[in-house]
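The values are calculated or read from the model by the stated rules, or taken from the named source; none is laboratory data. The structure presented is a predicted model; accordingly, all values stated were derived computationally and were not measured. Ideal geometry is used to build each Cβ from the backbone, glycine not excepted, and the neighbour counts take in all protein chains shown.
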Amino acid sequence: MAQAAHDAGTAPTEEQLSRAGLRLAVDGPVARITISRPERRNAMTGRTWTTLAHIGQTLPGDVRIVVIAGEGDIFSAGIDLGMFTPEGVDGERSIVTGLADGSADAAGLEEYIASLQEGFLWLRRPDLVTVAAVRGHAIGAGFQLALSCDLRVLADDASLCMKEPALGLVPDLTGTKPLVDIVGVHRATEICLTARRVGAHEARELGLAELVVGVDELPGAVDDLIQGLLATDRDAATATKDLLQRATGNTLEQQAEAERRAQIGRLTALAAGTAAGRR
């Protein structure tokens, strides 16, 4: 996967973040993004996702870890259903109004959805490790946001739900591929088409959670994970994540070749560092 551009512009302002229902805190190599619309159960809008994309495009280059959490006792209730009403949400136009009145067409809608997907796609960048810290419900788009992250740490009160089919929609925020990659097409079909809640312990059994801890233990567990991740050389971590991302689509022979090339790059870099140290 190609690395997205970053540190290439001005980061979102506090006002822009607030309007999108987000908070951002960057402390050296760690960026923490909080979904912050507690009055709407941390439901998200189009502006939330385009602002997430903006964050990804402008993260400082020394950031290695991104943690996404929800404010309070819920990760996210998913898309704000006000997006489907004629009034829209907080100044954002309704998703369906343009189709209903003929002012929008399929091509324009595809471009719009693609812009929303950018808020999820950058979380796969090889130079970052992204962590979803999930309390309470992660529904629909919230589940897909957690699936976009490399690692998911769940409190034992967490539940995951792919709600879109029950609303007459499909999951379209890049969540179907990781779901199928993790649990297989048959289990993914069952989870999506029943729109049932997957509890934290079942999520761990299915591979949807790397760790399940008590609610009060969640912040400490995430901090411990961050420290473990930061202890690994950044360039080695980036090269390894890139290899792992390629593995599913590669044959064994292709993956072996990719490993050789990546290792040559690492050995070359280490040898250059050794030579520089002798000068």
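Out of the residues in segment 124-153 that are in contact with a Gly (Cβ under 7 Å, 6 or more places away or on another chain) and of a type in the set (A, V, I, L, M, F, W, C), which is farthest from Ala53 (Cα to Cα)?
Selected residue: Ile139.
Just wondering, is there one or more residues in segment 200-214 that are assigned to a loop (DSSP other than H, G, I, E, B), under 20 Å from the mean Cα position of the chain (by Cα), of a type outside the set (Gly, Ala, Ser) and modelled with pLDDT under 95?
No, there is no match, as no residue in segment 200-214 is assigned to a loop (DSSP other than H, G, I, E, B), under 20 Å from the mean Cα position of the chain (by Cα), of a type outside the set (Gly, Ala, Ser) and modelled with pLDDT under 95.
Six or more apart or on different chains, Cβ atoms under 6 Å: show the pairs whose first residue is in segment 181-204 and assigned by TED's automatic domain parsing to the domain that holds Arg152 and whose second is of a type in the set (Gly, Ala, Ser).
Ile182/Gly207; Ala195/Ala166; Arg197/Ser159; Gly199/Ser159; Ala200/Ala158; Ala203/Ala209
Being touching a Pro at 6+ places or on another chain (Cβ under 9 Å) and closer than 30 Å to Leu154 by Cα narrows it down to one residue among Ala237, Ala231; which is it?
Answer to the selection: Ala237.
Mind telling me which of the residues Ala188, Ala200 ends up being crowded, with 16+ Cβ neighbours inside 10 Å, touching a Leu at 6+ places or on another chain (Cβ under 8 Å) and under 18 Å from Ile74 (Cα atoms)?
Sole residue among the options that is crowded, with 16+ Cβ neighbours inside 10 Å, touching a Leu at 6+ places or on another chain (Cβ under 8 Å) and under 18 Å from Ile74 (Cα atoms): Ala200.
Does Ala43 meet the test of being buried (at least 23 other Cβ atoms within 10 Å of the Cβ), more than 16 Å from Ser18 (Cβ to Cβ) and either assigned by TED's automatic domain parsing to the domain that holds Ser159 or at pLDDT 95 or above (or both)?
no
Determine, yes or no, whether Val26 is more than 28 Å from Ala200 (Cα to Cα) and either of a type in the set (A, V, I, L, M) or not in a strand (DSSP E or B) (or both).
yes
Looking at Ala262, Ala239, can you tell me which residue is under 19 Å from Val63 (Cβ atoms), aliphatic (A, V, I, L, M) and assigned to a helix (DSSP H, G or I)?
Ala239
Would you mind stating whether Gly108 is at positive phi and out of contact with any Leu (no Cβ under 6 Å at 6 or more places or on another chain)?
Criteria not met by Gly108.
Any residue at all in segment 132-146 that is assigned by TED's automatic domain parsing to the domain that holds Ala31 and without any contact (Cβ under 8 Å) to a residue 60 or more places away in the chain?
Yes, there is a match, as at least one residue in segment 132-146 is assigned by TED's automatic domain parsing to the domain that holds Ala31 and without any contact (Cβ under 8 Å) to a residue 60 or more places away in the chain.
Which residue pairs have Cβ atoms under 9 Å apart, sit 6 or more places apart or on different chains, and have a first residue in segment 240-252 that is not assigned by TED's automatic domain parsing to the domain that holds Leu128 and a second that is surrounded by 12 or more Cβ atoms within 10 Å (Cβ to Cβ) and among the β-branched types (Val, Ile, Thr)?
Thr240/Thr232; Lys241/Val129
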